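J.: I am attaching a structure below and will ask some questions about it afterwards.
None of the figures in this text is laboratory data; all of them are computed from the coordinates on show. Bear in mind the structure is a predicted one, so any value in this text is a computation, not a measurement. Cβ coordinates were reconstructed from backbone atoms using ideal geometry, including for glycine residues, and neighbour counts include every protein chain displayed.
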Amino acid sequence: MSLRQFYGTGYEVILIAFSGIVVAQIVKCFLHLIRKKSLDLRLFITTGGMPSSHSAGVMGLSTAVGLINGFDSIEFAIALGYAFIVMYDAAGVRRAAGKQAACLNKIIMDLYKQDLAEAGGKLKELLGHTPIQVFAGAIFGVLYAFFIHYKLLH
């Protein structure tokens, strides 16, 4: 089975959404390598950072649905609504939770004098995204969907 058979089907939408997430995570690792001059492969499996892979995935999914069913279709409207909820959550709720985790970690460090294990371990702080990271992920997802859609055609 060739990837060309995916063209115009739900499989194309799934391919674009999930591979868009993976490619965005790879881009995140490379951007870190360029900025910090060190390769951190843990970034591939973590949340947060530039670009937002959640945004890339849901906007890729939405764009693929639009390309296949039309940008005036009910399916596209539903996918886009879903994308906006995910992106709002990434930049709002999850980002706020990450800031709270940072404050709680500071309090725990002060109370337990550097012994985080006694308090149950350090909370994960990098949960959400800045609005710029979400926007960059969304743009990446749209462009990626167009690229894959037309690559499958040829």
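J.: What nm value, rounded to one decimal, do you get for the distance between T130 and I14 when each label is placed 7 Å out toward the C-beta?
T.: 3.7 nm
J.: Right, something else. Kindly state, to the nearest 0.05, the FRET efficiency for Q5 paired with K106, given R0 = 41 Å and r defined as their beta-carbon distance.
T.: FRET efficiency, Q5 to K106: 0.15.
J.: Continuing with the same structure: When the chain is fully extended, how far beyond the present Cα-Cα distance does K151 get from L41, taking 0.36 nm per residue of separation?
T.: So the extension gain works out to 36.8 nm.
J.: Could I ask something else about it? When the chain is fully extended, how far beyond the present Cα-Cα distance does L33 get from A77, taking 0.36 nm per residue of separation?
T.: Full-extension gain reported as 12.1 nm.
J.: D89 label point, 7 Å along Cα→Cβ, cut-off 13 Å on backbone N: hits in the stretch 1-36?
T.: none
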